[in-house]
Amino acid sequence: LEWWARENFYLSAESSYVEQSWTPWPFQRAMMAVMSNDDVRFVDIKKSARVGYTKILLAFIGYNAEHRRRNQALWQPTDDDAEDFVKSELEPMLRDVEVMRSVFPSYLQRHKDNTLQQKKFIGSMLRVRGGKAAKNYRRISIDVALLDELDAFDNDVEKEGAPDFLAGKRLEGATFPKLIAGSTPKLKGFSLIDRRFDQADERFTFHVACPQCDVLHPLTWGGKDEPHGFKFERDEAGALLGVYHLCPHCTFPMRQGDYLNVAEAGVWVNQRGDIWLTNEGRFTTPTGEPLPAPEHVGLHVWTSYSPTVTWLSIAHDFFAAYAKQQEGDDSLMKAFTNTTRGEAWEGEI
């Protein structure tokens, strides 16, 4: 997938700040590799906003249609979400990624093969549906099932089952079945992406080497009294001056520039620390011996990894949310927890 995206993918004006060809960020490379790995049947991406997931999803759709010729279905939370995705994301991609024209000759035509609900390619079909109606999961036989913003779906679709279960049933009979679910988590205890992530055979976070001690560690939020994670510098008046990330091994204060310098050599590491997922998509031991791919992989990534979001802006957002919380309003802190940290909210609704 990565080589296909580097060669062909394009950021369209309708869905990007800058219209240009696309180079994946370091942490995105293994995400793309595991999505296109036929040995991995389930991929669950628990994420924040601003980590480029929608662009990866679009590239994966194009790759499956043009290179692999596999039938796909994408479910968005509602019919309106599905229609908006097609208009603002999918159709600009089909227009601007030139290689897609070889398998989608009707991209400029009003045709039954080119509607808001389906795109018929040469050799495969993509269906796009809203996820709240049970009928939208029926009469579909596919190789690839995609669920976007899973936590915005109903946990039980018209009393017929969870949306990921209903989507997964459409894969029965596929030679290389693949189900990918990505979402910002919402409420603890009710989060569908949390449940799927917790059920994964292996759960990974992206680790980078400390510039001082060279030991790998993930970027964590930490906390005021935690010996790791984000810490804040203030002037005498209390104004926020800077942000650094405390290494859990040697307490080196890593700045965002330090992180960006070492990110290219980063690696995804499972919770036990005994499996690495490299940028090339290989599963190995920490010393490089190859390992079989898990069938079900969970990945967690949050805003601090994005090179387009400053750590200082993350800190400002947190303290704005904290100030509101001190006044009895949890709404900003809930949004910060969900959309910046990529974690489920454990407080009251």
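The values are calculated or read from the model by the stated rules, or taken from the named source; none is laboratory data. Model, not experiment: these values are computed from the prediction. Every residue, glycine among them, receives a Cβ derived from its backbone with ideal geometry; neighbour counts consider all protein chains shown. SASA here: full protein model, heavy atoms, side chains in, ligands and nucleic acids out. Shrake-Rupley method; radii C 1.70, N 1.55, O 1.52, S 1.80 Å.
Assorted remarks:
- Residues that are open to solvent by 10 Å² or more (accessible area, probe 1.4 Å), small (Gly, Ala, Ser) and not in a helix (DSSP H, G or I), drawn from the range 303-343: Gly328
- Sole exception among (1) over 20 Å from Thr310 (Cα atoms); (2) open to solvent by less than 30 Å² (accessible area, probe 1.4 Å); (3) of a type in the set (Gly, Ala, Ser) for Gly189, by number: (2)
- Meets criteria (among the charged types (D, E, K, R) and surrounded by 13 or more Cβ atoms within 10 Å (Cβ to Cβ)) for Arg234: no
- Pairs linking a residue in the range 183-200 that is farther than 22 Å from Ile56 by Cβ to a residue that is assigned to a loop (DSSP other than H, G, I, E, B) and open to solvent by less than 70 Å² (accessible area, probe 1.4 Å), with Cβ atoms under 7 Å and 6 or more positions apart or on different chains, are Leu187/Ala344; Lys188/Ala344.
- Which numbered condition Asp214 fails, given (1) without any contact (Cβ under 8 Å) to a residue 12 or more places away in the chain; (2) touching a helix residue (DSSP H, G or I) at 6+ places or on another chain (Cβ under 9 Å): (2)
- Scanning the range 256-281 for residues that are farther than 16 Å from Val215 by Cα and free of Cβ contacts under 8 Å to residues at least 12 places away in the same chain returns a single hit, Gly257.
- When we screen Gly273, Gly257 for residues that are of a type outside the set (Ser, Thr, Tyr), in a helix (DSSP H, G or I) and either over 19 Å from Ser306 (Cα atoms) or modelled with pLDDT of 95 or more (or both), the only hit is Gly257.
- Any chance Arg255 is open to solvent by 50 Å² or more (accessible area, probe 1.4 Å), touching a strand residue (DSSP E or B) at 6+ places or on another chain (Cβ under 8 Å), basic (Lys, Arg) and farther than 21 Å from Ala315 by Cβ: no
- Residue pairs whose Cβ atoms lie under 9 Å apart, sitting 6 or more positions apart in sequence or on different chains, and linking a residue in the range 71-90 that is in a loop (DSSP other than H, G, I, E, B) to a partner that is open to solvent by 40 Å² or more (accessible area, probe 1.4 Å), are Asn71/Arg127; Asn71/Ser141; Pro77/Lys132; Pro77/Glu149; Pro77/Asp154; Thr78/Lys132.
- Selection from the range 283-302 of residues that are surrounded by 15 or more Cβ atoms within 10 Å (Cβ to Cβ) and touching a residue at least 60 places away in the same chain (Cβ under 8 Å): Ala293, Pro294, His296, Val297, Gly298, Leu299, His300, Val301, Trp302
- Any chance Ala82 is surrounded by 15 or more Cβ atoms within 10 Å (Cβ to Cβ) and under 30 Å from Gly342 (Cα atoms): yes
Condition check ((1) assigned to a loop (DSSP other than H, G, I, E, B); (2) within 16 Å of the chain's Cα centre (by Cα); (3) more than 30 Å from Asn37 (Cα to Cα); (4) of a type outside the set (Ser, Thr, Tyr)) across all residues:
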| site | (1), (2), (3), (4) |
| --- | --- |
| Thr175 | yes, no, no, no |
| Phe190 | yes, no, no, yes |
| Arg203 | no, yes, no, yes |
| Phe206 | no, yes, no, yes |
| Pro211 | yes, no, yes, yes |
| Pro227 | yes, no, yes, yes |
| Phe230 | no, no, yes, yes |
| Glu233 | no, no, yes, yes |
